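**Student:** Please read through the structure below; I'll follow up with questions.
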Amino acid sequence: MTDFRAFRVHLENERIVARLERLRLDDLSPGDVVIRGAWSGINYKDALAATGKGKILRRYPLVAGIDISGTVESSADPRFRPGDPVVVIGCGLSETHDGGYSEFARLPGDFLNPLPAGLDLREAMAIGTAGFTAAYALHRMERNGQHPALGPIAVTGATGGVGSVAIDIFSRRGYRVTALTHKTGADDYLRALGASEVQRLDEATLGNRPLERATWGGAMDNLGSSVLSWLIRSVVPLGNVASIGLAAGPELNTTVMPFILRGVSLIGVNSPDVPRETRLAVWQRLGSDLRPAHLDRIVTREVALGELPGCFDAHMTGRMTGRTLVRLG
Ligand SMILES: NC(=O)c1ccc[n+]([C@@H]2O[C@H](COP(=O)([O-])OP(=O)(O)OC[C@H]3O[C@@H](n4cnc5c(N)ncnc54)[C@H](OP(=O)(O)O)[C@@H]3O)[C@@H](O)[C@H]2O)c1
């Protein structure tokens, strides 16, 4: 190929500017494997990066997009051969390394995961960082003793990407799931993914006692702030709360009571930095026992690379339901 299209973020006059451009391979950060992009997706972090509402990029300019799936075009890494299907999430894409919103990507072999059996390239990006993070959190909660008999799992930010996949895979594993959402009119969507209950989340729900009634067997939180604090105070003895996101804010105000009186565990989840062995194991599970059953419903929008510029605002305002797939080819 001579040149190809990519969606790149610049810092110009102290403002973030993102646009489609034509690039050559040598414009990309170094790597020993070249991938022909097939699919990417939009995560909350992609919206922060593309709109400049969050400081995601550590250097400029960089191709945006924290996820990509595609086939190996050429490789100097003996583990990969032309034609191999691969999936890449996190690993510094769109932070320190050119990312996935590109017809071609050049990446270090260590970033690449072979496409797991049981998924195709499109399904892998329907899952993307959002779904991987939900699966990784479930994996860690279960290693720390979570099981369906402890009680229902509360999932916040339920209609978002992480929330949607979390509902799907927890219910598939035999948990009762309560979807907590700000949206009215999302009940049918959430129940179709496997939620047994849907609750509207507002400040009145949250209370302010050091310990609330022990309601949840465990929780997966995408919001942070007062919602995370309430979940920690509302989980049964020995339950786990996975802290994934900060869509409502980064602060956390808590006492130690839930930890020392109920043995609650707070599990921090940082999907870009999962050790390679664990990352491969979780991807394998996503193609088998944790394979989401409702990806067709979860993908609510499919856009071409050229349509990206108008696609981020819905994430920044919490209006997004489900996942957006980005067609690169
Ligand atoms: N730690 C990690 O490794 C990791 C990995 C992936 C994502 N994350 C984080 O997890 C969170 C969810 O990511 P995502 O990709 O699922 O995002 P998303 O698709 O944009 O969904 C976010 C959801 O959060 C809810 N929300 C509530 N208040 C919001 C607000 N003020 N602004 C925006 N959303 C609001 C909305 O759901 P309801 O209307 O249903 O309440 C919204 O659909 C983000 O904070 C993201 O940064 C962290």
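**Student:** Across the stretch 203-244, what is the number of residues that are part of a loop (DSSP other than H, G, I, E, B), away from the ligand (no atom under 15 Å from the Cβ) and within 24 Å of the chain's Cα centre (by Cα)? Let's see the steps before the verdict.
**Tutor:** Let us first name the residues in the stretch 203-244 that are part of a loop (DSSP other than H, G, I, E, B), namely 207-215, 217, 222-224, 234, 236-239, 244.
Imposing the further condition that a residue be away from the ligand (no atom under 15 Å from the Cβ) reduces the set to 207-215, 217, 234, 236-239.
Those left that are additionally within 24 Å of the chain's Cα centre (by Cα): 217, 239.
Going through the stretch 203-244 one residue at a time, the tally reaches 2.
**Student:** Restricting attention to the stretch 87-121, report how many residues are hydrophobic (A, V, I, L, M, F, W, C) and in a strand (DSSP E or B).
**Tutor:** Just the residues of the stretch 87-121 that are hydrophobic (A, V, I, L, M, F, W, C), to begin with: 87-89, 91, 93, 104-105, 107, 111-112, 115, 117, 119, 121.
The next check asks that each one be in a strand (DSSP E or B); those that pass are 87-89, 93, 104-105, 107.
So the answer is 7.
**Student:** Give me the residue from the stretch 159-191 that is at pLDDT 95 or above and polar (S, T, N, Q) and, out of that set, nearest to the chain's Cα centre (by Cα).
**Tutor:** Ranking the qualifying residues of the stretch 159-191, first place goes to 164.
**Student:** Shifting gears a bit: Can you say whether residue 266 is assigned to a strand (DSSP E or B) and without any contact (Cβ under 8 Å) to a residue 60 or more places away in the chain, as far as the supplied structure shows? Even if it seems obvious, please write down each step before you answer.
**Tutor:** Values: assigned to a strand (DSSP E or B): yes; without any contact (Cβ under 8 Å) to a residue 60 or more places away in the chain: yes.
So residue 266 fits the description; yes.
**Student:** Can you find, within the stretch 57-73, the residue that is surrounded by the fewest Cβ atoms within 10 Å (Cβ to Cβ) among those that are in a strand (DSSP E or B) and among the hydroxyl-bearing types (Ser, Thr, Tyr)?
**Tutor:** Initial filter on the stretch 57-73 (in a strand (DSSP E or B)): 62-63, 67-73.
Retained after the next criterion (residues that are among the hydroxyl-bearing types (Ser, Thr, Tyr)): 69, 71.
Working: 69: 29, 71: 17.
Among residues in the stretch 57-73 that are in a strand (DSSP E or B) and among the hydroxyl-bearing types (Ser, Thr, Tyr), the one surrounded by the fewest Cβ atoms within 10 Å (Cβ to Cβ) is 71.
**Student:** Against the definition (of a type in the set (Lys, Arg), at pLDDT 95 or above and assigned by TED's automatic domain parsing to the domain that holds residue 169), how does residue 200 come out, yes or no?
**Tutor:** Values: of a type in the set (Lys, Arg): yes; at pLDDT 95 or above: no; assigned by TED's automatic domain parsing to the domain that holds residue 169: yes.
Considered against the rule, which asks whether it is of a type in the set (Lys, Arg), at pLDDT 95 or above and assigned by TED's automatic domain parsing to the domain that holds residue 169, residue 200 comes out as no.
**Student:** Then there is this: Could you look through the stretch 280-320, keep only residues that are touching a strand residue (DSSP E or B) at 6+ places or on another chain (Cβ under 7 Å) and within 14 Å of residue 136 (Cα to Cα), and pick out the one that is farthest from the ligand (Cβ to nearest atom)?
**Tutor:** 280
**Student:** Quick check: anything in the stretch 38-45 within 16 Å of the ligand (Cβ to nearest atom), not in a strand (DSSP E or B) and not basic (Lys, Arg)?
**Tutor:** Yes, some residue in the stretch 38-45 is within 16 Å of the ligand (Cβ to nearest atom), not in a strand (DSSP E or B) and not basic (Lys, Arg).
**Student:** If I ask for residues that are small (Gly, Ala, Ser) and more than 10 Å from the ligand (Cβ to nearest atom), which ones from the stretch 149-202 would you list? First the steps, then the outcome.
**Tutor:** So in the stretch 149-202, the residues small (Gly, Ala, Ser) come out as 149, 151, 154, 157-158, 160-161, 163-164, 166, 171, 174, 179, 185-186, 192, 194-196.
Residues satisfying the conditions are 149, 151, 154, 171, 174, 185, 192, 194, 195, 196.
**Student:** Quick one: residue 31 ticks every box in (1) surrounded by 19 or more Cβ atoms within 10 Å (Cβ to Cβ); (2) not in a loop (DSSP other than H, G, I, E, B) except a single one, so which number is it?
**Tutor:** The failed condition is (2).
**Student:** Under the condition of being more than 14 Å from the ligand (Cβ to nearest atom) and β-branched (Val, Ile, Thr), which residue from the stretch 245-268 is nearest to residue 129 (Cα to Cα)?
**Tutor:** Narrowing the stretch 245-268 to residues more than 14 Å from the ligand (Cβ to nearest atom): 253-265.
This time we only want the ones that are β-branched (Val, Ile, Thr), so: 254-256, 260, 264.
Working: 254: 28, 255: 31, 256: 31, 260: 33, 264: 26 Å.
Once the filter is applied, the top-ranked residue is 264.
The values are calculated or read from the model by the stated rules, or taken from the named source; none is laboratory data. Keep in mind that what you see is a predicted model, and the values were worked out from it rather than measured. With ideal geometry, Cβ positions are generated from the backbone for all residues, glycine too; neighbour counts draw on all protein chains shown.
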